[in-house]
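> Questions regarding the structure given below will be posed in turn.
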Amino acid sequence: MRTLIHSVLIEFGPVTLFFATYVVSDFFTAIWANIIATACAVGYALYDQRRIAWFPIVTLVSVLVFGGSSLFFKSETLYILQDTIGSLVFAGVFLVSVWRGRPILEAWFRYTFAISERGWRVLTIRWGVFFLLLGISNEAVRLTLSPEAWVVFKAGTTLATILFGLYQFRLSMRERIEKESNRLGLRTVPIPIDTR
């Protein structure tokens with residue numbers, strides 16, 4: 001459970017700071033806050049867990065590239081475009097990994113969850129479709145609404161992502177490996193960390 005809480009803080013702490021900074025300052029200051037918070041979150045994950053999952057690494061690189069470009073060119077659009085590209089890339093990676101018979105979420109979260117092969121497949125498909133919808137809707141908002149309206153949209157999609165993630169516990173409870181997990185499907189029997 002501690003690992004799960006840390007994962008949630010690492011994933012959603014930086015974007016929460018983005019919103020808080022935007023409210024008291026402006027879009028570009030909020031981007032700075034997001035970049036710094038994301039770097040700190042990844043650094044903390046490395047210190048605390050002695051390893052970093054791929055998801056936070058990809059997020060950090062994305063924030064540095066798109067956030068840095070947005071600051072350099074003074075363009076909110078570049079930062080907003082990050083969500084379109086990132087969501088569509090994740091959707092593609094997730095769905096292709098299932099098609100190839102190797103759901104990528106199993107590799108990313110097997111230290112946190114102990115669920116069946118079917119569970120990993122269904123979970124990866126669900127997140128793939130979810131990210132596909134996020135990417136399409138983000139691009140529609142980027143093309144038709146203002147950066148200020150996008151911040152409101154982003155707040156809504158962040159909340160939707162959290163709720164969608166919580167809903168997946170129904171799946172992990174149903175597909176859990178009983179001898180290796182608690183009733184939520186969270187791993188209780190540790191597996192050796194692959195450092196390769």
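Here's the yes/no breakdown for (1) closer than 17 Å to Val96 by Cβ; (2) touching an Asp or Glu at 6+ places or on another chain (Cβ under 8 Å); (3) among the small types (Gly, Ala, Ser); (4) modelled with pLDDT of 95 or more:
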site	(1), (2), (3), (4)
Ser116	no, yes, yes, no
Gly119	no, yes, yes, no
Gly128	yes, no, yes, yes
Phe131	yes, no, no, yes
Leu143	no, no, no, yes
Pro147	no, yes, no, yes
Phe153	no, no, no, yes
Gly156	no, no, yes, yes
Ile162	no, no, no, no
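> Right, something else. Taking Leu134 as the residue in question, decide whether it is buried (at least 20 other Cβ atoms within 10 Å of the Cβ) and under 18 Å from the mean Cα position of the chain (by Cα). Give the derivation first.
Details: buried (at least 20 other Cβ atoms within 10 Å of the Cβ): yes; under 18 Å from the mean Cα position of the chain (by Cα): yes.
It is true that Leu134 is buried (at least 20 other Cβ atoms within 10 Å of the Cβ) and under 18 Å from the mean Cα position of the chain (by Cα).
> Show the residue pairs that are 6+ apart or on different chains and have beta-carbon atoms under 6 Å apart, the first residue being within the stretch 104-131 and at negative phi and of a type in the set (Ser, Thr, Tyr), the second being assigned to a helix (DSSP H, G or I) and surrounded by fewer than 21 Cβ atoms within 10 Å (Cβ to Cβ).
The qualifying pairs are Thr112/Thr3; Thr124/Val98.
> Turning to a different aspect of this structure: Would you pick out the residues in the stretch 67-107 that are within 16 Å of the chain's Cα centre (by Cα), surrounded by fewer than 17 Cβ atoms within 10 Å (Cβ to Cβ) and more than 30 Å from Ala149 (Cβ to Cβ)?
Within the stretch 67-107, Ala107 is the sole residue that qualifies.
> Is at least one residue of the stretch 78-97 in a helix (DSSP H, G or I), in contact with an Asp or Glu (Cβ under 6 Å, 6 or more places away or on another chain) and either within 22 Å of Thr157 (Cα to Cα) or aromatic (Phe, Trp, Tyr) (or both)?
Within the stretch 78-97, the subset in a helix (DSSP H, G or I) is 78-97.
Going one step further and asking which of them are in contact with an Asp or Glu (Cβ under 6 Å, 6 or more places away or on another chain), we end up with 84.
Narrowing the set further to residues that are either within 22 Å of Thr157 (Cα to Cα) or aromatic (Phe, Trp, Tyr) (or both) leaves 84.
So far as the stretch 78-97 goes, yes, one or more of its residues are in a helix (DSSP H, G or I), in contact with an Asp or Glu (Cβ under 6 Å, 6 or more places away or on another chain) and either within 22 Å of Thr157 (Cα to Cα) or aromatic (Phe, Trp, Tyr) (or both).
> Trp108: in contact with a Phe, Trp or Tyr (Cβ under 8 Å, 6 or more places away or on another chain), closer than 30 Å to Arg187 by Cβ, hydrophobic (A, V, I, L, M, F, W, C) and not in a strand (DSSP E or B), yes or no? Please lay out each step first, then the result.
Working: in contact with a Phe, Trp or Tyr (Cβ under 8 Å, 6 or more places away or on another chain): yes; closer than 30 Å to Arg187 by Cβ: yes; hydrophobic (A, V, I, L, M, F, W, C): yes; not in a strand (DSSP E or B): yes.
The answer is yes for Trp108.
> Testing Leu166 on (1) outside any helix (DSSP H, G or I); (2) under 16 Å from the mean Cα position of the chain (by Cα); (3) not acidic (Asp, Glu), one condition comes back false. Which one is that?
Failed condition: (1).
> Another question, if that's okay. Can we say Thr59 is free of Cβ contacts under 8 Å to residues at least 12 places away in the same chain, assigned to a helix (DSSP H, G or I), in contact with a Ser or Thr (Cβ under 7 Å, 6 or more places away or on another chain) and not aliphatic (A, V, I, L, M)? Walk me through how you get there before you give the answer.
Working: free of Cβ contacts under 8 Å to residues at least 12 places away in the same chain: no; assigned to a helix (DSSP H, G or I): yes; in contact with a Ser or Thr (Cβ under 7 Å, 6 or more places away or on another chain): yes; not aliphatic (A, V, I, L, M): yes.
Against the criterion (free of Cβ contacts under 8 Å to residues at least 12 places away in the same chain, assigned to a helix (DSSP H, G or I), in contact with a Ser or Thr (Cβ under 7 Å, 6 or more places away or on another chain) and not aliphatic (A, V, I, L, M)), Thr59 does not qualify.
> Can you pull out every residue in the stretch 36-66 that is modelled with pLDDT of 90 or more and buried (at least 16 other Cβ atoms within 10 Å of the Cβ)?
Once the filter is applied, which keeps residues that are modelled with pLDDT of 90 or more and buried (at least 16 other Cβ atoms within 10 Å of the Cβ), the stretch 36-66 yields Ala37, Thr38, Ser62, Val63, Phe66.
> Which of the residues belonging to the stretch 111-139 are under 20 Å from Thr188 (Cα atoms) and in a helix (DSSP H, G or I)?
First pass over the stretch 111-139, keeping only residues under 20 Å from Thr188 (Cα atoms): 111-120, 123.
Selection gives Glu117, Arg118, Gly119, Trp120, Leu123.
> Give me a count of the residues in the stretch 156-171 that are surrounded by 12 or more Cβ atoms within 10 Å (Cβ to Cβ) and under 19 Å from Thr112 (Cα atoms).
7
> Let me ask you something else. If we scan the stretch 27-35, do we find a residue that is under 24 Å from Ile104 (Cα atoms), crowded, with 19+ Cβ neighbours inside 10 Å and out of contact with any Gly (no Cβ under 7 Å at 6 or more places or on another chain)? Give the derivation first.
Step one: filter the stretch 27-35 for residues under 24 Å from Ile104 (Cα atoms), giving none.
No, there is no match, as no residue in the stretch 27-35 is under 24 Å from Ile104 (Cα atoms), crowded, with 19+ Cβ neighbours inside 10 Å and out of contact with any Gly (no Cβ under 7 Å at 6 or more places or on another chain).
> On to the next question. So how many residues does the stretch 17-39 have that are free of Cβ contacts under 8 Å to residues at least 12 places away in the same chain and under 18 Å from the mean Cα position of the chain (by Cα)?
Residues that pass the stated criteria total 1.
The values are calculated or read from the model by the stated rules, or taken from the named source; none is laboratory data. What you are looking at is a predicted structure, and each value in this text was computed from that prediction instead of being measured. Reconstructed Cβ throughout: ideal geometry from the backbone, glycine too, with neighbour counts over all protein chains shown.
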